[in-house]
Amino acid sequence: MSQRVIVRVIAVAFVIACGRSEPAAPPAVEVHGAWVRAADSGLVTAAYLTVVNHTAAPVKYKGASSPLATDVALHETMVMGDMVHMTPLDTVPAIAPGDSLVLAEGAKHLMVSELRRRLSVGDTLPLTLTFADGRTLSARAAVRSP
Ligand SMILES: [Cu+2]
């Protein structure tokens, strides 16, 4: 191969590399469908959402917080006969690759304590989720009627 051809091959490779538009990297861990029940200032409410793990490694939920609440804790609702109990969950299993952590009515949920202001329908509640690997995720939960 002559010197000239090599230069040309390199130039073409350079053009291809630069001309290719970088595809948007898929979000590694995503929050879907976050919503929270409307409630008055000072009260307790519940938030629901789904965390989807798109990474190749398990992701472990650690905690959540909101600037509009004193405390945000993971709870589980359990129905025993006609009694409904809620228990704080200190730990949940890691979310496997491709799997989700689903927080839904009558099941796991985020207990949002002592709202610093009223949450009205149409409003949003900012939430920050933290994970064991140090990753944090921001979400805005849409306020829905109770
Ligand atoms: Cu609860």
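Before moving on, here are some points about what is shown:
- Contour excess over end-to-end distance, with Cα ends at residue 90 and residue 70 and 0.36 nm allotted per residue: 5.4 nm
- Contour minus Cα-Cα distance for residue 82 and residue 121 (0.36 nm per residue): 11.0 nm
- Within the shell of other residues whose beta carbon sits under 15 angstrom from the beta carbon of residue 36, the net charge comes to +2, with Lys and Arg scored +1 and Asp and Glu -1.
- FRET efficiency, 1/(1 + (r/R0)^6) with R0 22 Å, evaluated for residue 107 and residue 28 via beta carbons: 0.35
- Residues in the stretch 61-82 reached by a label modelled at residue 114 [backbone nitrogen below 19 Å; 7 Å Cα→Cβ]: 64-75
- Ordering 76, 105 by the number of other Cβ atoms within 10 Å of each residue's own Cβ, fewest first, gives 105, 76.
- Shown for 45, 91: other C-beta atoms within 10 Å of each C-beta, ranked fewest to most, produce the order 91, 45.
- 87, 124 arranged by Cβ crowding within 10 Å, fewest neighbours leading: 87, 124
Since every read-out is calculated from the coordinates, none of them should be taken as a lab result. Note that the structure is a prediction, hence the values are computed from the model and not measured. Neighbour counts are summed over all protein chains in view; Cβ atoms, including those assigned to glycine, are modelled from backbone coordinates with ideal geometry.
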